[in-house]
Structures are given as structure tokens and as C-alpha cells.
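Let me begin by presenting the structure, written as C-alpha cells, before commenting on it.
Any read-out appearing in this document is the output of simple, stated calculations on the displayed coordinates, not a laboratory observation. Quick caveat: nothing in here was measured; it's all calculated off a predicted structure. Counting neighbours? That spans all protein chains shown, and the Cβs are built from the backbone with ideal geometry, glycine included.
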Amino acid sequence: MRILGADPRTDLAVRSRIGIVPQQEAVFESYDAFRFVRFAGVLNGVADPDAAARWALEVVELDPDEPRRVTTYSKGMKQRVKVAQALVADPAVLLLDEPLTGLDPRQRNHLIDLFGQLGEQGRCVLVSSHVLDEVERFGSRVLVVAQGRLAATGDFRAIRDLMDDRPHRIRVRTDKPRELATVLVSSVGVLAVRLEPAVAGRPPGVVADTTDAPTFRRSIAAAAQQVGATLFEVSPLDDDLDSVFRYLVQR
């Protein structure tokens with residue numbers, strides 16, 4: 001294995017260029033957040049560990065002057081302390097294992113934005129997560145590991161395009177579902193259609209399985225016009241990372 005061209009098992013210099021956020025909680029019980037993050041800076045040879053620790057804690061929106069011990073923090077706060085200690089040495093590579101566990105929605109959004117900014121600055125940011133909607137938001141490149149092997153890599157839509165042996169499923173909400181379904185069932189590439197009732201004030205729908213999604217999307221307006229139907233929504237039901245992951249794992 002090589003990271004930044006070096007072997008991290010034998011090259012101590014490269015380790016200071018790698019920031020790690022482990023899934024497990026591992027903090028010194030007697031330390032407050034500032035002391036803990038500062039100590040990580042000292043271990044990594046940071047020139048000014050005090051300033052670096054304050055910067056890293058402020059980046060994750062924690063108070064560097066908070067006197068409480070880290071062990072009294074909430075789960076989400078501990079997560080942010082771990083991110084801060086990973087950032088304190090200004091690493092070139094960040095390895096983050098389930099970094100959003102325990103965070104409230106606002107802090108989750110903040111860290112997702114932060115990781116994106118770090119990547120845009122030229123760092124390599126690798127996030128391991130099982131929360132697929134968050135992975136989708138991280139995302140310039142997705143790697144799917146199934147049963148210990150790399151099943152696919154790329155943008156999740158590109159990965160979805162690999163699933164040629166399974167039809168795409170598309171929902172169409174309309175005021176005339178039965179009439180539209182009658183037209184769609186005879187369309188090119190449509191294998192099956194089924195009706196959906198109105199739910200929570202949303203119009204009823206038609207769910208179609210098609211082997212040619214682009215043609216289906218281009219023809220749906222003409223089909224609706226043919227039967228005088230109004231279209232309220234046309235949306236894919238399997239064009240998301242969760243469905244891609246399930247497919248790749250089961251394949």
C-alpha cells in the first residue's frame with residue numbers, strides 16, 4: 001500500500017500528512033477538547049499546536065475554551081472533536097470512518113460542506129459510510145464494496161447505468177392515471193405498468209418499468225397530451241444510491 005507515494009507502515013514522515021477519524025471513540029478521559037486536539041498536533045510535529053488546535057476546533061464549531069472533559073460531551077460533539085484532531089496537522093489525506101454518526105441535521109450539513117471544501121482545496125478526502133443518502137451528497141466519486149470486493153466505482157448515476165440487465169422504474173403522477181397507463185403499456189421499451197393511489201394529498205400515479213428510460217422521458221409528454229392528462233411529476237424510483245447498492249450487493 002502506498003499513500004502519497006510512501007509506505008505509512010515504515011515511513012513516519014508521511015503519517016503526519018494523514019488525518020484519521022476512526023469510528024470508535026478513543027479519547028483521553030482527563031483531557032478537555034483543546035488539550036486533546038493540541039496533543040494530536042504535538043504528536044504530528046505541528047509548529048504551533050496551540051494555534052492549530054484552536055483553528056481546528058473552531059472549524060468544527062466547538063469552543064476551544066470549553067473546560068469540560070471530552071468524556072462529558074454528547075456523541076455528536078465527540079465526533080466533531082475527532083474531526084478536529086484529524087485536521088489539526090493540515091493533512092493532505094483525510095480518512096473518515098462514519099464521521100457523521102450522532103450529529104444533528106445542522107451539524108451534519110456543516111461537516112458535509114466542510115469535507116467538500118477540503119476536497120476542493122486539493123486534499124484527498126475518503127469517507128466510509130453506510131448512510132447512503134449522505135454518501136450521495138458527499139460525492140464526486142463513489143466506491144461500492146460488496147462482500148469484501150470492489151463492486152463498482154464512479155458517479156452513482158454512472159454506476160446505475162451499469163445496471164442494464166434490470167429495467168428502470170419511473171413514477172408519473174397525473175390526474176388521469178388509468179388513461180395514461182393504457183397508452184404507456186404499449187410504448188416502446190415499457191415492460192409493465194401499475195397504478196398507485198393518491199397519498200397524503202398527492203395525485204395518483206402510474207409506475208412504469210422500462211428498458212429505455214431516455215425514450216420514455218421524451219415520450220411521456222406526448223402520451224399525456226394524447227389522453228388529455230396533466231402531468232404533476234415524473235421521477236425515477238431507482239436512480240439513487242440505495243437502490244444501486246442493493247442491486248450490486250445482490251448481483
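Worth pointing out:
- Mean separation of Cα contacts under 8 Å (6+ apart) over length of the chain, as relative contact order %: 15
- Each residue of region 74-86 is assigned a 3J(HN,Hα), and the resulting list reads 6, 4, x, 5, 4, 4, 5, 4, 5, 5, 4, 5, 6 Hz, derived from the Karplus form 6.51 cos²θ - 1.76 cosθ + 1.60 (θ = phi - 60°), x at Gly and Pro.
- Spherically averaged projected area of the chain from its Cα convex hull (nm²): 17.5
- Counting only DSSP beta bridges with both residues in the chain, the antiparallel share comes to about 75 percent.
- Cα gyration tensor shape of region 168-239, rounded if a/c is under 1.5, else prolate or oblate by comparing a/b with b/c: oblate
- Those chymotrypsin sites (Phe, Trp or Tyr not before Pro) in region 1-65 that DSSP places in a loop and that have at most 12 other beta carbons within 10 Å: PHE28
- Average silhouette area of region 12-140, convex hull of alpha-carbon atoms, in square nanometres: 7.5
- Over all other residues within a Cβ to Cβ distance under 14 Å of ALA6, the charged ones net out to +2, with Lys and Arg as +1 and Asp and Glu as -1.
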